[in-house]
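A.B. asks: Mind having a look at this structure? Questions to follow.
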Amino acid sequence: MEEKKDYSKLAIEYSKRYKGKIELKPTLKIKSLEDLSIVYTPGVAAVSTAISKDNRLAWDLTWRWNTVFIVTNGTRVLGLGDIGPLASLPVMEGKSLIYKEFGGVNAVPIPIEAREVDEFVNVVKNISVTSGGIHLEDIESPFCFEVLERLQEELKVPVWHDDQQGTAAATLAGLINATKLADKDLKKSRIIMIGAGAANIALFRVLEKYGIDTGNIIIGDSKGPLYGSRDDVEIIKTTNRWKYEVMKKSNKDSIMDADKTFDGADIVVGFSREGAIKPEWIKRMNSKPIVFANANPNPEILPETAYKAGAYIVSTGRSDYPNQINNSLIFPAVFRGILDSKAAKIDDFTAIAAAEELAAFAQEKGLSKDYIVPNMEEREIYPRISARVAEDAIKRGLSDLKEEKEYFYNKAKEIIGLK
């Protein structure tokens, strides 16, 4: 029997050996002083002058065309919580590596010391001028909702929060295919969400735009199901308006008991904590129950326990089980498509387009109970999603380009290195 690897120990060893995961490399070789005269002084002055006269030229004359800034304050890192910006750097380096490896995107990690919304927004606004887009990461809720909204409104470049839109897109793709296998209609399914943080609130928002009746969704926090007459409704209304909006739109029958929410449920989606889904709850669900236990690193219920309780399909956020719901399947390709199409913004419909392409790819490969979404080794998915995102941006008037989907697909393949 193969010995189980200690990935925590290996991660420390790799980080020490390689001195981090990323570095900066030039795009050309310097072979002479003449080369320096061209790429730096005196030649570079002409490039700066051209950009000063027409800012749009920065997209053609600098790395901006292919560069994203990953910004975090380190307040909600993986399953570690508030560990601060410096300790978040290894995670952000990992995101940068994934961006380059799977999307061909230059992604610069920028953890910042900013815990007030205005301060955070101002920092990002001031640095965004040289980026092609902003990727927000590992920021606590509800802070992350306001920051995303403000930056999307105030910045001139696209802004994406991976823990919201990336996670929602990957989850939607899994739900599309899980319900297909279970012969359920996703848009009419009764859905229970465990956890009322960034992932599930964003998923709720995306599912609403996808056409699902939000009254059939029940979302629960540490106090139980959200419903309109709960005794803390006024507190939620004043401290977390995004959660309050979910409270108003969900749970049309105002079910107050956590156990009863599972009666007749088709799907449960957890973005919460270990142990948050009980086996007896799965037994109360409709036939062929779908269980997404996506808390990291430890799921709300182990797949083997969920299957024993009667689950038909189970997902987790882990790579050592089938059906990993992983936003790394989404974000490198989304920004590849956004950058290539020069789209003005990213929104929840961008996430839906990415989700549909991810789901379609798995369908073409052949769905099974252990294969509802592709894995990251299936690299062909990235140019597919990229092209779909670019096409969507053009169709919705977010890009002035006129190229067809095939153009963006071939461009993405070349940049990612799949040709």
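A.B. asks: On C-alpha positions alone, give me the angle between the axis of helix 117-127 and the longest principal axis of the chain, in degrees, nearest 10.
C.D. replies: The two axes meet at around 30 degrees.
A.B. asks: Related question: Which net charge results for the neighbourhood of residue 379, defined as the other residues with beta-carbon distances under 11 angstrom from its beta-carbon, given Lys and Arg at +1 and Asp and Glu at -1?
C.D. replies: -2
A.B. asks: For segment 51-159, which semi-axes, largest first and in whole Å, follow from the square roots of 5 times the eigenvalues of its Cα gyration tensor?
C.D. replies: 24, 17, 10
A.B. asks: Add +1 for every Lys or Arg and -1 for every Asp or Glu among the other residues with Cβ under 12 Å from the Cβ of residue 361, and state the total.
C.D. replies: Local charge sum for residue 361: -1.
A.B. asks: Moving on to the next point. Size of segment 1-117 along its principal axes in angstrom, Cα-based, largest extent first?
C.D. replies: Principal-axis extents of segment 1-117 (Cα, largest first): 60, 42, 22 Å.
A.B. asks: I've got another one for you. Could you work out the pair-distance distribution P(r) of segment 327-416 from its alpha-carbon pairs, with 5 angstrom bin width and percents rounded to whole numbers?
C.D. replies: Result returned by the calculation: 3, 16, 28, 24, 16, 8, 4, 1, 0.
A.B. asks: Also: From Cα pairs below 8 angstrom and at least 6 apart in sequence, can you work out the relative contact order of the chain, rounded to a whole percent?
C.D. replies: 14 percent
A.B. asks: Give me the Debye-computed log₁₀ of I(q)/I(0) at q = 0.12, 0.14 Å⁻¹ for the chain, equal point scatterers on Cα only, no solvent, two decimals.
C.D. replies: -1.00, -1.34
A.B. asks: Here is a further query. Exactly which trypsin sites (Lys or Arg not before Pro) in segment 25-67 are in a DSSP loop and have at most 11 other Cβ atoms within 10 Å?
C.D. replies: 29, 31
A.B. asks: Given the convex hull over the Cα atoms of segment 183-311, what projected area results after averaging over all orientations, in nm²?
C.D. replies: 7.3 nm²
A.B. asks: Quick check of the Kirkwood formula: for segment 266-419, what is the inverse mean of 1/r over all pairs of different Cα atoms, in Å?
C.D. replies: 16.7 Å
A.B. asks: Is there a pair in 209/248; 156/249; 125/248 whose C-alpha atoms are over 21 Å apart, and which pairs would that be? List each step's numbers first, then the result.
C.D. replies: On the way: 209/248 16 Å; 156/249 32 Å; 125/248 33 Å.
From 209/248; 156/249; 125/248, over 21 Å: 156/249; 125/248.
A.B. asks: For the chain, what does -39500 (n - 2.57) per DSSP helix run (n ≥ 4), summed and divided by total residues, give at 222 nm, in deg cm²/dmol to the nearest 500?
C.D. replies: It comes out at -13000 deg cm²/dmol, rounded to the nearest 500.
A.B. asks: Ok, one more. For segment 327-416, what is the number of Lys pairs with C-alpha distance below 18 angstrom, counting only pairs 8 or more positions apart or on separate chains?
C.D. replies: Going through segment 327-416 pair by pair, I get 10.
A.B. asks: Where both residues lie in segment 183-311, what percent of DSSP beta bridges are antiparallel, nearest 5? The partial results should precede the final answer.
C.D. replies: Working: 2 of 14 bridges.
Expressed as a percentage, antiparallel bridges in segment 183-311 total about 15.
A.B. asks: How high is the relative contact order of segment 183-311, in percent, counting Cα pairs under 8 Å that sit 6 or more residues apart? Spell out each step's value before the answer.
C.D. replies: On the way: 222 pairs, mean separation 32.7, N = 129.
Result for segment 183-311 is 25 percent.
A.B. asks: Turning to a different aspect of this structure: Once you sort the root eigenvalues of the Cα gyration tensor of segment 246-309 as a ≥ b ≥ c, which label holds: rounded (a/c under 1.5), prolate (a/b larger than b/c) or oblate (the other case)? Show your work: numbers first, answer last.
C.D. replies: Numbers: a/c = 2.16, a/b = 1.36, b/c = 1.58.
Oblate.
Here, each number is a calculation from the coordinates, and none is a lab measurement. In this text, all values refer to a predicted model and were calculated from it rather than measured experimentally. Here Cβ is always computed from backbone atoms with ideal geometry, including for glycine, and neighbour counts include all displayed protein chains.
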